[in-house]
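So the structure is just underneath, and the comments pick up after that.
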Amino acid sequence: MSTLEIKDLFVSIDTEQGNKPILKGVSLTINTGETHAIMGPNGSGKSTLASTIAGHPRYTVDSGSITLDGEDVLAMSVDERARAGLFLAMQYPVEIPGVTMTNFLRTAKTAIDGEAPALRTWTKDVKAAMAQLRIEPEFAQRNVNEGFSGGEKKRHEILQLELFKPKFAVLDETDSGLDVDALKVVSEGVNRAAEESELGTLLITHYTRILRYIKPDFVHVFVDGRIAEEGGPELADRLEDEGYDRYLAADAAQA
Ligand SMILES: Nc1ncnc2c1ncn2[C@@H]1O[C@H](COP(=O)(O)OP(=O)(O)O)[C@@H](O)[C@H]1O
Ligand SMILES: [Mg+2]
């Protein structure tokens, strides 16, 4: 079993108006095999947490720690994080002109594993994973994310997740912009990855909709850069009924 531990994390960004604190003391422990949902209103810092785990240079860690089985993740470069077993699917995936999906997947897999995948099984694995995610074969020859629709980008992220077999995946708003059919296909992919490789998942979402297909073991509610409440799947059901108003009212009264 592996553990990703976030301890009392404070993160800020530099803006034109000066330094702006965003995360204000986040603590969270995820073990492999567990699914944690992070839910919360827009602007509460969910993507900032994902970007900080990913090592985005824009974000400054002022204090606190992120460790993977005791190893300091914050000291790792972005590719070291991937090799250590972290997978990050960002809310806005980047396009990579001039690099085909086929080349990208193989190069990334080789970099992550430290050796090239055996060609015959690899080609078969890629084809099978693409078929399960209903990705048309001709996508293999298209440039990464170039001209992909929102839903196509999300399905390609899950393709990477299934092929790279990380220990932990951070999925930031993987549900946004998906119609119900695509949402099901994507959710099935995440569930398969969880079953096949004991994946630990940090599922970041504003809406409860995806939680009908991916069952979280734990739910954390993010408000103003902190975890305001934690619970089991029943907390997601309550949020579906009540929304975030209760937290926002309490937050305003406190300020
Ligand atoms: N690059 C940035 N420049 C300026 N403000 C930012 C930047 N990234 C995040 N923020 C601010 O930080 C807060 C948290 O944003 P974010 O982490 O994207 O929240 P969420 O994903 O929960 O909607 C917001 O007030 C947002 O405007
Ligand atoms: Mg976000």
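The values are calculated or read from the model by the stated rules, or taken from the named source; none is laboratory data. Small disclaimer: the values here were computed from a predicted structure and weren't measured. Ideal geometry is used to build each Cβ from the backbone, glycine not excepted, and the neighbour counts take in all protein chains shown.
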Open item on the list: One residue is enough: does region 28-47 have a residue meeting the conditions away from ligand 2 (no atom under 16 Å from the Cβ), more than 14 Å from V170 (Cα to Cα) and not in a strand (DSSP E or B)?
Closed with: no
Open item on the list: When you check L105 against the structure, is it buried (at least 17 other Cβ atoms within 10 Å of the Cβ), closer than 18 Å to N143 by Cα and in contact (Cβ under 8 Å) with a residue 40 or more places away in the chain, yes or no?
Closed with: yes
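A quick yes/no check of all residues on (1) modelled with pLDDT of 90 or more; (2) among the acidic types (D, E); (3) under 25 Å from S2 (Cβ atoms); (4) in a strand (DSSP E or B):
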residue	(1), (2), (3), (4)
S51	yes, no, yes, no
E80	yes, yes, yes, no
F87	yes, no, yes, yes
K124	yes, no, no, no
Task: From E146, E136, E230, residue being more than 13 Å from the chain's Cα centre (by Cα) and farther than 22 Å from P97 by Cβ - done: E230
Task: strands (runs of 3 or more DSSP E) wholly inside region 173-255 containing at least 3 residues that are farther than 21 Å from H156 by Cβ - done: 218-223, 226-231
Open item on the list: I want to confirm something. Restricting to region 171-185 and keeping residues that are buried (at least 24 other Cβ atoms within 10 Å of the Cβ) and modelled with pLDDT of 90 or more, which single residue is farthest from ligand 2 (Cβ to nearest atom)?
Closed with: L171
Open item on the list: When you scan region 13-24, do you find a residue that is within 16 Å of ligand 1 (Cβ to nearest atom), in contact (Cβ under 8 Å) with a residue 24 or more places away in the chain and within 18 Å of the chain's Cα centre (by Cα), even just one?
Closed with: yes
